[in-house]
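First comes the structure, then the notes that go with it.
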Amino acid sequence: MTRHTQDDQQATCERHPLQRHWQTLDAAVRPLTAAINVYRAIPQRQLRNIGPWCFIDQMGPVALADYDQFDVAPHPHIGLQTITWLFSGQLLHKDSLGNEQPLLPGELNLMTSGHGISHAEQVDEAAEKPLHGMQLWLALPEHKEDMPPAFEHHRELPLVKLPGVSARLILGSYEQWQSPAKAGAPCTALALYSPRPSTLTLQLKPEFEYGLYVCDGQLRVDDEDSSQSLHKHQLLYVGGQRKQLTIALGTDSQVMLLGGEPLAKPLHMFWNFVAYDGARIRQAHSDWQQGHARFGRVANYAGTRLSAPAIPTAVKW
């Protein structure tokens with residue numbers, strides 16, 4: 001997914017020590033296509049990342065009548081993994097490795113960009129329900145940021161046993177459960193759905209920092225420090241140094257738990273590129289604009305690829 005504002009384009013994810021403080025953010029509305037917006041929880045000025053998670057987007061619901069307006073043209077990535085997960089509807093992923101993969105609700109598309117990849121996202125004409133889902137970015141650690149690009153599709157993901165909710169482990173680990181997808185960094189991405197009001201205690205890793213994003217419904221979080229109530233399109237950053245966290249979900253609530261180890265050093269983000277050295281972003285930007293082979297070509301796409309926005313002269317990295 002793409003289409004950033006000027007502020008999003010120039011994000012720098014700073015390294016910071018683990019803290020227990022809470023921070024609540026409303027997701028910002030951002031254009032995805034000329035006619036469709038998404039809700040972007042991070043990056044924002046107030047919070048750039050949660051561990052290696054540097055991008056949280058919620059798309060839709062997009063009505064069936066508007067499906068023909070959802071068409072994200074070929075664009076590049078470096079230094080990250082994209083995680084695409086649907087609640088409803090269907091998407092079609094196409095990339096420069098030759099993959100053409102439909103995505104259904106409950107399945108996972110995991111794309112590792114590494115040295116460089118390009119892809120497009122289109123609606124699947126076979127869809128029968130509104131398009132609604134998430135796309136997340138996980139920054140690769142510095143020693144992996146130049147790894148070869150790859151793509152994985154997983155039809156089945158672990159069902160985590162938690163009281164009163166349906167929980168799927170999308171990426172990383174949670175207690176004894178492990179996602180089959182190859183995470184580029186230690187992390188957790190757990191999707192929670194509560195059909196009726198439920199209260200449960202999440203088990204956390206003290207060395208991780210965590211955030212909870214409300215995709216739909218209501219969420220209340222309580223611990224010995226404070227309590228917080230959240231609604232749809234809100235993100236709660238809960239920091240780290242915690243072993244447990246008690247949460248209460250309302251009827252028909254969808255919540256995403258995201259966690260991971262803090263970044264070892266500041267991460268720079270511009271457009272669809274992330275890197276620990278700004279020179280890598282400038283080189284990727286130049287290579288994409290010049291049609292360099294590192295990003296390949298997305299076959300079977302009837303349209304023009306996206307052009308990268310100019311890097312402002314004021315950028316310091």
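Please state which one of Asp277, Asp252 is surrounded by fewer than 17 Cβ atoms within 10 Å (Cβ to Cβ), modelled with pLDDT of 95 or more and at positive phi. Let's see the steps before the verdict.
Numbers: Asp277 fails: at positive phi.
Selected residue: Asp252, the only one of Asp277, Asp252 that is surrounded by fewer than 17 Cβ atoms within 10 Å (Cβ to Cβ), modelled with pLDDT of 95 or more and at positive phi.
Go through (1) under 12 Å from Leu258 (Cα atoms); (2) buried (at least 21 other Cβ atoms within 10 Å of the Cβ) one by one and return the number of the condition Ala183 breaks.
Only one criterion in (1) under 12 Å from Leu258 (Cα atoms); (2) buried (at least 21 other Cβ atoms within 10 Å of the Cβ) is unmet by Ala183, namely (1).
Give the number of residues within segment 77-103 that are more than 25 Å from Ile281 (Cα to Cα), in a strand (DSSP E or B) and touching a residue at least 40 places away in the same chain (Cβ under 8 Å).
8
With His143, His153 as the choices, which residue is under 27 Å from Thr304 (Cα atoms) and either part of a strand (DSSP E or B) or not acidic (Asp, Glu) (or both)?
Working: His143 fails: under 27 Å from Thr304 (Cα atoms).
Result of the check over His143, His153: His153.
Within segment 126-140, count every residue that is assigned to a loop (DSSP other than H, G, I, E, B) and hydrophobic (A, V, I, L, M, F, W, C).
Kept after step one, since they are assigned to a loop (DSSP other than H, G, I, E, B), are these residues of segment 126-140: 126-130, 140.
Narrowing the set further to residues that are hydrophobic (A, V, I, L, M, F, W, C) leaves 126-127, 140.
Residues flagged as assigned to a loop (DSSP other than H, G, I, E, B) and hydrophobic (A, V, I, L, M, F, W, C) within segment 126-140 amount to 3.
When you scan segment 39-46, do you find a residue that is within 23 Å of Ser229 (Cα to Cα), surrounded by fewer than 19 Cβ atoms within 10 Å (Cβ to Cβ) and touching an Asp or Glu at 6+ places or on another chain (Cβ under 9 Å), even just one? If you could, list the steps in order and put the result at the bottom.
From segment 39-46, those within 23 Å of Ser229 (Cα to Cα) are 39-46; that's our starting set.
Next, only the ones that are surrounded by fewer than 19 Cβ atoms within 10 Å (Cβ to Cβ) stay: 44-46.
Add one more test, that the residue is touching an Asp or Glu at 6+ places or on another chain (Cβ under 9 Å), and what stays is 44-45.
Yes, there is a match, as at least one residue in segment 39-46 is within 23 Å of Ser229 (Cα to Cα), surrounded by fewer than 19 Cβ atoms within 10 Å (Cβ to Cβ) and touching an Asp or Glu at 6+ places or on another chain (Cβ under 9 Å).
Can you tell me which condition Gln241 does not meet? The list is (1) under 30 Å from Arg220 (Cβ atoms); (2) surrounded by fewer than 13 Cβ atoms within 10 Å (Cβ to Cβ); (3) of a type in the set (S, T, N, Q), and all the others hold.
(2)
Given the residues Leu258, Leu263, which is the only one that is modelled with pLDDT under 95, crowded, with 22+ Cβ neighbours inside 10 Å, under 30 Å from Ser118 (Cβ atoms) and hydrophobic (A, V, I, L, M, F, W, C)?
Numbers: Leu258 fails: modelled with pLDDT under 95.
The unique qualifying residue is Leu263.
Would you pick out the residues in segment 97-119 that are crowded, with 22+ Cβ neighbours inside 10 Å and not β-branched (Val, Ile, Thr)?
Taking segment 97-119 as the starting set, the residues that turn out to be crowded, with 22+ Cβ neighbours inside 10 Å are 108-113, 116-119.
Hits for segment 97-119 are Leu108, Asn109, Leu110, Met111, Ser113, Gly116, Ser118, His119.
Hey, among the residues in segment 234-289 that are of a type in the set (Gly, Ala, Ser) and not in a strand (DSSP E or B), which one's farthest from Ile78 (Cα to Cα)? Even if it seems obvious, please write down each step before you answer.
Filtering segment 234-289 down to residues of a type in the set (Gly, Ala, Ser) leaves 239-240, 248, 250, 253, 259-260, 264, 275, 278-279, 284, 286.
The next check asks that each one be not in a strand (DSSP E or B); those that pass are 240, 250, 264, 278-279, 284, 286.
Working: Gly240: 28, Gly250: 38, Ala264: 18, Gly278: 12, Ala279: 13, Ala284: 8, Ser286: 13 Å.
Once the filter is applied, the top-ranked residue is Gly250.
Mind telling me which of the residues Leu235, Leu169 ends up being closer than 30 Å to Gly114 by Cα, without any contact (Cβ under 8 Å) to a residue 24 or more places away in the chain and surrounded by 15 or more Cβ atoms within 10 Å (Cβ to Cβ)?
Values: Leu235 fails: without any contact (Cβ under 8 Å) to a residue 24 or more places away in the chain.
Result of the check over Leu235, Leu169: Leu169.
Specify the residue that is nearest to Leu192 (Cα to Cα); the eligible residues are those in segment 104-125 that are hydrophobic (A, V, I, L, M, F, W, C) and either touching a Ser or Thr at 6+ places or on another chain (Cβ under 9 Å) or not in a strand (DSSP E or B) (or both). Give the derivation first.
Our first condition is that a residue be hydrophobic (A, V, I, L, M, F, W, C); within segment 104-125, this holds for 104, 108, 110-111, 117, 120, 123.
Pick out the ones that are also either touching a Ser or Thr at 6+ places or on another chain (Cβ under 9 Å) or not in a strand (DSSP E or B) (or both) and you get 104, 108, 110-111, 117.
Numbers: Leu104: 17, Leu108: 15, Leu110: 19, Met111: 23, Ile117: 31 Å.
Looking at residues that are hydrophobic (A, V, I, L, M, F, W, C) and either touching a Ser or Thr at 6+ places or on another chain (Cβ under 9 Å) or not in a strand (DSSP E or B) (or both), I get Leu108.
Mind telling me which of the residues Pro61, Pro43 ends up being farther than 29 Å from Leu267 by Cβ and modelled with pLDDT of 85 or more? Step through it out loud before you land on a result.
Values: Pro43 fails: farther than 29 Å from Leu267 by Cβ.
Residue meeting the stated conditions: Pro61.
Need at least 1 residues that are under 16 Å from the mean Cα position of the chain (by Cα) and among the β-branched types (Val, Ile, Thr) per element, so show me which strands (runs of 3 or more DSSP E) inside segment 172-224 make the cut, counting only ones lying wholly within it. I'd like the intermediate steps shown before the answer.
On the way: elements: 187-194, 198-203, 209-216, 218-222.
In segment 172-224, 187-194, 209-216 are the strands (runs of 3 or more DSSP E) which contain 1 or more residues that are under 16 Å from the mean Cα position of the chain (by Cα) and among the β-branched types (Val, Ile, Thr).
Is it the case that Ser118 is under 15 Å from Trp85 (Cβ atoms), in contact with a Pro (Cβ under 9 Å, 6 or more places away or on another chain) and polar (S, T, N, Q)? Walk me through how you get there before you give the answer.
Details: under 15 Å from Trp85 (Cβ atoms): no; in contact with a Pro (Cβ under 9 Å, 6 or more places away or on another chain): yes; polar (S, T, N, Q): yes.
When the stated conditions are applied, Ser118 does not pass them.
All but one of (1) of a type in the set (Val, Ile, Thr); (2) at pLDDT below 90; (3) surrounded by 16 or more Cβ atoms within 10 Å (Cβ to Cβ) hold for Thr5, so report the exception by its number.
With respect to (1) of a type in the set (Val, Ile, Thr); (2) at pLDDT below 90; (3) surrounded by 16 or more Cβ atoms within 10 Å (Cβ to Cβ), Thr5 is out only on (3).
Determine if segment 77-85 includes at least one residue that is within 24 Å of Ala275 (Cα to Cα), crowded, with 23+ Cβ neighbours inside 10 Å and in contact with a His (Cβ under 6 Å, 6 or more places away or on another chain).
No: segment 77-85 contains no residue that is within 24 Å of Ala275 (Cα to Cα), crowded, with 23+ Cβ neighbours inside 10 Å and in contact with a His (Cβ under 6 Å, 6 or more places away or on another chain).
Since Glu224 meets every condition but one in (1) over 17 Å from Leu136 (Cα atoms); (2) modelled with pLDDT of 95 or more, which condition does it not meet?
Looking at each condition in turn, Glu224 falls short on (2).
Could you check how many residues of segment 278-291 are more than 22 Å from the chain's Cα centre (by Cα) and in contact (Cβ under 8 Å) with a residue 40 or more places away in the chain? I'd like the intermediate steps shown before the answer.
Initial filter on segment 278-291 (more than 22 Å from the chain's Cα centre (by Cα)): 279, 282-283, 286-291.
Now restrict to residues that are in contact (Cβ under 8 Å) with a residue 40 or more places away in the chain: 287-288.
Adding up the residues that qualify gives 2.
The values are calculated or read from the model by the stated rules, or taken from the named source; none is laboratory data. From a predicted model like this one, the values you see are computed outputs, not experimental measurements. Note that each Cβ is placed from the backbone with ideal geometry, even for glycine, and that neighbours are counted across all protein chains shown.
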